[in-house]
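Down below is the structure, laid out as structure tokens.
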């Protein structure tokens, strides 16, 4: 038997519940079913669910950033201010 702490949506309360998951049901399937139930009842969806629904892949969430020389930027800003 596992114990889960559940944060109730739209409230600042959490409840602790104990659930016995039958051997024929995997824990992942159980979590998925509970998440679907909560999202249906309260209109709350997990980030993973939203990403799956919108087709957002992990590689879509990365962005290449430019590398700047901080000293050069400081000097350039000093010259601009003068």
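Scan region 9-43 for residues that are in a loop (DSSP other than H, G, I, E, B), modelled with pLDDT under 75 and out of contact with any helix residue (DSSP H, G or I) (no Cβ under 6 Å at 6 or more places or on another chain) and the total you get is 5. Comparison of 49, 53, 75, 59 shows that the only residue that is in a helix (DSSP H, G or I) and at pLDDT below 80 is 49. Taking residues in region 61-76 that are at negative phi, and partners anywhere that are at pLDDT 85 or above and surrounded by 10 or more Cβ atoms within 10 Å (Cβ to Cβ), not one pair has Cβ atoms closer than 8 Å while being at least 6 places apart or on different chains. Listed by first and then second residue, the pairs with beta-carbon distance under 7 Å, at least 6 apart or on different chains, first residue in region 11-38 and over 20 Å from residue 49 (Cβ atoms), second modelled with pLDDT of 75 or more, are 21/27; 21/30.
The values are calculated or read from the model by the stated rules, or taken from the named source; none is laboratory data. Small disclaimer: the values here were computed from a predicted structure and weren't measured. Cβ coordinates were reconstructed from backbone atoms using ideal geometry, including for glycine residues, and neighbour counts include every protein chain displayed.
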